[in-house]
Amino acid sequence: MAKNEMLPGTLGMLILRVLQPGALHGYAIAQRIHQLSGDLLQVEEGSLYPALQRMLLKGWVRAEWGVSETNRKVRFYRLTAAGRKQLQSEMSDFDRVMQGIAAVLAKA
Amino acid sequence: MGTFFRRLHYLLNRRRLERELQNDMDAHREMMPAGNRNDFGNPTRLRERSREAWGWSWLDRLMQDLRFGVRLLRKSPGLACTAIAVLALGIGVNVTAFTFVDVMFFKPLPVRDPQSLVRFTTDSPKIRSTQVAYPAIAFYRAHNTVLAEVLAQYATSMTMTEKTPEAVRAGIVTGNYFSDLGAAPAYGRLFTPADENPGAAPVVVLGYGFWQRRFGGDASVVGRVIRLNQRPATILGVTAYDFLGLDPEHGERDEVWTLFSQQGYFTPENKMLTSFALNDSGVKMYGRLKPGVSIKEAAAALEPLSEELAHDHPEAIQKGQGLVAEPGGYAASFSSNEAAGFALFAALVLLILCVACGNLGNLLLSHALTREREVSIRLALGATRGRITRQFMTESLLLALVGSATGLLLSYYATRALVLVLGGPRRMNFSPDWRIIVFSLGLGVFASILFGLAPARHAARQLQQRSRARTIFMGAQVAASCVLLVLTALLVRGLRQVLNSDLGFDYKHIVVVDPQLYAHGYAPPNAAEYMRQLQAQTAQEPGVASTSLAYIAPMGHRLRVNFSTHAYINSITPGYFRTLSIPILRGRDFNTKDADVAIVSQSYANKFWPGKDPMRQTVQWDGKQLAVIGIAANAPIMALRDGSASELYLPDAENDLVESVMLVRTSRPPEVISASLGKIAGSLDSALSPKAYTLKSSFDDKVSDSQKITGVVTGLGALAFALALIGLWGVVSYTVSRRTKEIGIRLALGATPARIVEAILAKFLVQVSASLVAGTILAALLSIALRHELYGVSNFDGFSYLSAITLLAVASGVAALIPARRALQVDPMVALRCE
């Protein structure tokens with residue numbers, strides 16, 4: 001796995017987490033993830049939008065219109081109640097998995 | 001759930017949403033630092049992936065394939081037309097057959113609440129009858145708890161006199177018949193139960209068709225008084241134009257309707273209201289179940305009543321005689337005999353579909369091979385083989401759906417034409433309803449799998465000539481045609497036998513005169529007197545060779561059979577055998593003084609007294625022992641196809657004369673004088689309107705059913721044959737064209753035309769022979785169901801099989817040789833250079 005790729009399957013969770021404080025548009029989401037991870041994680045734009053579409057389909061986020069920093073009408077994605085629940089569940093699953101991995105790495 | 005609606009929302013607002021997405025992605029790109037812009041990725045690919053997330057890709061692909069398929073068909077109109085025509089024929093035939101069966105057996109009659117109607121018939125150890133005695137019906141009506149209504153119906157004829165007497169077909173019904181069935185009048189009103197009250201005025205209802213024809217559709221007939229059987233009756237009203245009642249065949253033709261309760265008025269001597277014997281008063285009985293009661297429960301509840309009836313009337317009702325209940329809301333019901341016939345028909349029409357699909361399959365296989373380039377390009381562009389298969393299947397499905405729509409249209413007209421030709425209740429509604437449309441579409445889908453799957457898989461895998469699919473398609477066509485042709489040959493042979501058969505009596509010179517005395521209230525002594533005068537007067541007519549009376553007219557619609565002994569019984573007067581030219585082998589004919597004697601047929605004697613002298617035997621009848629005084633030659637008057645029938649003749653009893661007919665042997669052609677004989681019978685009593693017809697016409701009637709069936713199967717056979725030949729031609733042409741180069745080489749190397757033909761067609765020959773064998777075996781199996789149709793011809797009749805196979809073999813040979821010969825005439829140099 002290349003240095004700046006994230007674990008497969010975690011992109012969704014990261015997007016949801018990043019949207020928790022408030023709505024963001026696509027570029028902002030990618031930026032935020034990159035910044036918060038200390039420039040470690042680079043969101044592949046090729047995965048971002050399909051992931052967002054999936055979340056729209058499942059009802060975890062909602063799209064609403066807003067204006068971007070470049071004064072352009074663009075859609076902002078906002079977390080829904082279902083999305084919050086999904087975030088909690090994914091985060092707790094992730095914690096469990098990480099504990100398991102850490103345990104194996106520590107002892108084996 | 002929410003997900004589904006969101007998906008739907010996406011589907012309906014696609015364009016807008018995709019534009020918004022595009023906008024998002026553009027904005028994102030703009031905001032990226034200039035150097036990194038290329039990291040965004042391929043926008044088209046991104047759009048595609050985003051779109052896939054919504055799960056409607058299959059729809060997109062389907063639409064794509066359909067549009068491409070339509071373009072393809074437009075570009076090859078020849079292929080399209082041929083394919084659609086073949087499919088329309090194959091599917092149309094099936095839909096027509098299904099429509100018939102559906103309307104006759106599965107579609108409820110147009111009456112109120114047909115599901116709760118029950119039809120009752122009589123079953124007893126000795127007789128089975130479709131009728132029930134009217135007084136018994138009244139008894140059931142009065143004493144049961146499971147039926148909300150009891151209805152009865154009977155068809156007979158009466159004489160209507162306005163200025164001159166004329167015979168009219170009359171339906172007799174109970175007072176609740178029209179009201180319970182929900183029938184509305186076209187004019188005036190119809191019967192109600194109140195009309196059955198004793199002392200109610202005599203009334204009659206006109207049938208719509210009769211009202212139009214005879215009264216010119218004059219609305220003022222309501223309230224008019226006409227004379228039925230010489231007695232005045234008031235016209236209450238007219239039935240609706242599409243009224244069929246519970247018995248469409250009669251309901252359609254009945255001209256007037258009267259009440260059972262008033263039969264005592266119209267035909268005073270009629271035993272219909274009093275006698276419990278089926279012969280006297282048998283009519284059709286129906287019932288309407290009370291809510292919550294099933295047919296089985298109703299039948300069980302009526303059993304104790306049947307026992308009571310049998311106990312109270314032992315002279316007319318047998319012990320153990322009871323009612324059989326069946327659903328009554330349909331035009332016809334299955335009997336096990338007919339089930340085999342229907343299964344056979346289903347098989348036959350499916351065979352036609354097989355031939356059509358085989359034809360189409362080969363057609364599409366050839367067409368698919370011309371699209372190799374297209375397929376290669378698609379594969380190179382990244383399509384999976386599954387995708388290609390799906391594409392070709394979609395095109396086949398498109399063809400199939402268009403074909404089945406056309407077939408549906410075809411069958412609409414074909415059904416009407418068939419009803420006209422074959423005869424059937426014309427006013428039954430044969431228009432397609434949802435059931436038939438679904439069936440037609442379903443058949444289309446099924447067919448598209450049959451003929452489309454193989455070409456699709458071949459295209460996807462880019463297989464070349466050597467394929468078993470082609471063989472199977474062709475083989476199926478040949479085998480199916482073989483089956484149909486063999487069955488056609490069998491039926492045609494059987495029919496010819498019937499038409500040329502010797503029935504044991506002379507039916508070509510007989511006129512039957514039926515005065516229908518029972519319908520006009522004749523008492524037995526009056527009937528005897530009438531018949532005596534009739535015979536005397538008729539004998540004096542020029543052209544009359546001899547006369548006789550008989551209870552049962554040969555080849556008529558009445559039967560008197562002892563089911564356990566399988567003997568057909570007739571009461572006759574002296575002269576019967578002479579009139580019908582039946583030789584008396586031993587003993588003598590009856591004379592006027594005979595009592596307690598009987599004459600039997602040779603087959604009867606052989607069956608019951610093998611090895612013994614029949615003249616010393618006695619027959620048990622009606623509690624008496626009758627001495628056998630004569631043996632007649634076999635003359636199966638009712639049983640054209642019943643090989644085990646035998647006849648028993650009794651001297652006429654006075655009571656029988658009321659229902660007897662007169663048989664007249666003519667020295668002139670019978671058609672010529674039958675009308676005048678009828679007039680003589682009418683002249684003796686102006687109230688009568690006797691029927692006079694020739695036995696030949698009865699015979700033609702009986703045979704017409706067989707003729708129709710044979711006609712239909714022949715039609716199917718011809719269709720299959722034509723389709724198969726076209727298919728064969730196509731396959732051979734294709735094979736030859738593929739091997740043109742090889743032919744050129746062989747010719748250049750000096751092979752003779754014969755050797756080349758042999759080389760190319762050898763495999764073909766083997767395939768056709770194998771199919772013929774398979775077809776013959778299948779035909780043999782199916783012909784077992786035809787056994788009762790085939791008179792005098794075994795269902796394994798070698799001549800029929802051989803002629804069908806030979807025809808097919810020769811035709812196949814011709815179909816194969818023509819393209820082959822044409823190939824041989826090509827210049828070898830041209831052939832060698834052709835790719």
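Residues of the stretch A:20-51 with an amide N closer than 20 Å to a point placed 7 Å from the Cα of B:N42 along the Cα-to-Cβ direction: A:44-51. Listed by chain and number, the lysines placed with their C-alpha closer than 23 angstrom to that of B:K696 are B:K508, B:K679, B:K708; residues fewer than eight positions away on the same chain are left out. Peptides B:700-711, B:732-743, ordered by how many other C-beta atoms sit within 10 Å of their residues on average, highest first, read B:732-743, B:700-711. Taking amide H as placed 1.01 Å from N in the peptide plane, B:I552 has its amide H under 5 Å from the amide H of B:S571, each at least 5 places away in sequence or on another chain. Between A:A82 and B:R387, the FRET efficiency from the beta-carbon distance, with R0 = 30 Å, is close to 0.30.
Over what distance in Å are the Cα centres of the stretch B:97-139 and the stretch B:760-813 separated? Each part's Cα centre sits 40 Å from the other's. For the stretch B:144-268, give the share of DSSP beta bridges that are antiparallel, in percent and rounded to the nearest 5; count only bridges with both residues there. Once the DSSP bridges in the stretch B:144-268 are tallied, antiparallel ones form about 70 percent. Spin-label model, B:N500 to B:T130: label points 7 Å out along the Cα-to-beta-carbon direction sit 3.4 nm apart. Helix B:468-500 and the longest principal axis of the Cα set of chain B meet at an angle near 20°. Only DSSP H runs of four or more residues enter the estimate; each adds -39500 (n - 2.57), and after division by the residues of chain B the mean residue ellipticity at 222 nm equals -17500 deg cm²/dmol.
Helix B:43-53 and the longest principal axis of the C-alpha atoms of chain B enclose an angle of approximately 30°. Electrostatic tally near A:K73: other residues with Cβ closer than 13 Å to its Cβ, Lys and Arg +1, Asp and Glu -1, net -3.
Can you classify the stretch A:35-102 as rounded, prolate or oblate using the Cα gyration tensor, where a ≥ b ≥ c are the square roots of its eigenvalues, rounded means a/c under 1.5, and otherwise it's prolate if a/b beats b/c and oblate if not? Note, shape of the stretch A:35-102 comes out oblate.
Let a ≥ b ≥ c be the square roots of the eigenvalues of the Cα gyration tensor of the stretch B:131-195; is it rounded (a/c under 1.5), or, if not, prolate (a/b larger than b/c) or oblate? Note, shape of the stretch B:131-195 comes out oblate. On full extension, the segment bounded by B:R71 and B:A627 gains 191.5 nm, given 0.36 nm per residue less the C-alpha separation. Beta bridges assigned by DSSP with both partners in the stretch B:582-690 are antiparallel in approximately 65 percent of cases. The peptide list B:539-550, A:33-44, put in order of mean Cβ contacts within 10 Å with the highest first, becomes B:539-550, A:33-44. Taking a ≥ b ≥ c as the square roots of the Cα gyration tensor eigenvalues, the stretch B:213-285 comes out oblate, since a/c reaches at least 1.5 and a/b does not exceed b/c. Distance from the Cα centroid of the stretch A:60-76 to that of the stretch B:480-557 is 95 Å (rounded to whole angstrom).
Using the 1.4 Å probe convention, the accessible area of the protein assembly as shown works out to 48 Å² per residue with neighbouring protein chains retained.
Extending 7 Å from the Cα toward the beta-carbon at both B:Q825 and B:R668 defines two label points whose distance is 6.4 nm. Dipole magnitude for the stretch B:137-203: computed about the Cα centre from +1 point charges on Lys and Arg Cβ and -1 point charges on Asp and Glu Cβ, it is near 60 debye. Neighbouring Cβ atoms from other chains, within 10 Å of the Cβ of residues in A:28-38, number 1 on average.
Label sites at B:S686 and B:K593, each approximated as a point 7 angstrom past Cα along Cα to Cβ, lie 4.2 nm apart. Note on B:25-34: average number of Cβ atoms from other chains within 10 Å of each residue's Cβ is 5.
The calculated FRET efficiency for B:A142 paired with B:V222, based on their beta-carbon distance and R0 = 30 Å, is about 0.40.
Viscosity 1.306 mPa s, temperature 10 °C: what is the translational diffusion coefficient of the stretch B:1-80 from Stokes-Einstein with a Kirkwood Rh over Cα pairs, rounded to a whole number of µm²/s?
On the way: Rh = 15.4 Å.
Diffusion coefficient, whole number: 103 µm²/s.
For B:K271, the aspartates and glutamates whose Cα comes closer than 20 Å to its Cα, not counting residues fewer than 8 places off in the same chain, are B:E196, B:D280, B:D312, B:E315, B:D514, B:E529, B:D652, B:E654, B:D656, B:E659.
The candidates B:T592, B:T3, arranged from most to least accessible area with a 1.4 Å probe in the full protein assembly, appear as B:T592, B:T3. Surface burial for A against B, with a 1.4 Å probe and both sides summed, reaches about 2200 Å² of accessible area. Annotation: average projected area of chain B is 51.7 square nanometres, based on the convex hull of Cα atoms across all directions. Normalising the average separation of contacting C-alpha pairs (under 8 angstrom, six or more residues apart) by the number of residues puts the relative contact order of chain A at 27 percent.
Applying a DSSP loop filter and a limit of 10 other Cβ atoms within 10 Å to the trypsin sites (Lys or Arg not before Pro) in the stretch B:1-110 leaves nothing. Ligands, DNA and RNA aside, B:R457 has an accessible area near 110 Å² when probed at 1.4 Å. If the cut-off is a Cα-Cα distance under 24 Å, which lysines reach B:K290, setting aside same-chain residues fewer than 8 apart in sequence? B:K290 reaches B:K107. A Cβ-based charge dipole, computed about the Cα centre of chain A with Lys and Arg at +1 and Asp and Glu at -1, lands at about 360 debye. For chain B, the longest principal axis of the alpha carbon atoms and the long axis of helix B:798-824 meet at an angle near 30°. Toward the positive end of the charge dipole of the stretch B:724-835, with +1 on the Cβ of Lys and Arg and -1 on the Cβ of Asp and Glu, the farthest Cα among B:Q767, B:A754, B:L807 is that of B:A754. What you get for chain B, charging only the Cβ of Lys and Arg (+1) and of Asp and Glu (-1), is a dipole of about 4580 debye around the Cα centre. Of all DSSP bridge pairs formed entirely within the protein assembly as shown, close to 80 percent run antiparallel. If the Kirkwood radius is taken over C-alpha pairs of the protein assembly as shown, then at 37 °C and 0.692 mPa s the Stokes-Einstein diffusion coefficient equals 92 µm²/s. Round to the nearest 0.05 the FRET efficiency obtained for B:Y241 and B:S769 when R0 = 45 Å and r is the Cβ-Cβ distance. Plugging the Cβ-Cβ distance into 1/(1 + (r/R0)^6) gives 0.15. Its relative contact order, with pairs defined as Cα atoms under 8 Å and 6+ residues apart, puts chain B at 15 percent. For the stretch B:111-141, the list of trypsin sites (Lys or Arg not before Pro) that fall in a loop by DSSP and count at most 16 other C-beta atoms within 10 angstrom reads B:R112, B:K126.
Inter-chain Cβ neighbour count for A:43-51, averaged per residue, equals 6 (cutoff 10 Å, partner chain atoms only).
Gain on full extension, evaluated as 0.36 nm per residue between B:Q318 and B:R6 minus their Cα-Cα distance, stands at 105.0 nm.
Within the accessible surface of the stretch B:248-368, defined with a 1.4 Å probe on protein heavy atoms only, the carbon and sulfur portion equals 58 percent.
Averaging the Cα positions of each part gives two centres, and for the stretch B:202-265 and the stretch B:645-665 these lie 33 Å apart.
Between B:L350 and B:A523, what length in nm is gained on full extension when 0.36 nm per residue of separation is reduced by their alpha carbon distance?
Result for the pair: 56.6 nm of gain on full extension.
The chymotrypsin sites (Phe, Trp or Tyr not before Pro) of the stretch B:317-419 that DSSP puts in a loop, and whose beta carbon has at most 16 other beta carbons within 10 Å, are B:F334.
The values are calculated or read from the model by the stated rules, or taken from the named source; none is laboratory data. The structure presented is a predicted model; accordingly, all values stated were derived computationally and were not measured. Heads up, the Cβs are rebuilt from the backbone with ideal geometry, glycines too, and the neighbour counts pull from every protein chain shown. Note: accessible area is taken over every heavy atom of the protein model, side chains too, but ligands, DNA and RNA are not part of it. Shrake-Rupley method; radii C 1.70, N 1.55, O 1.52, S 1.80 Å.
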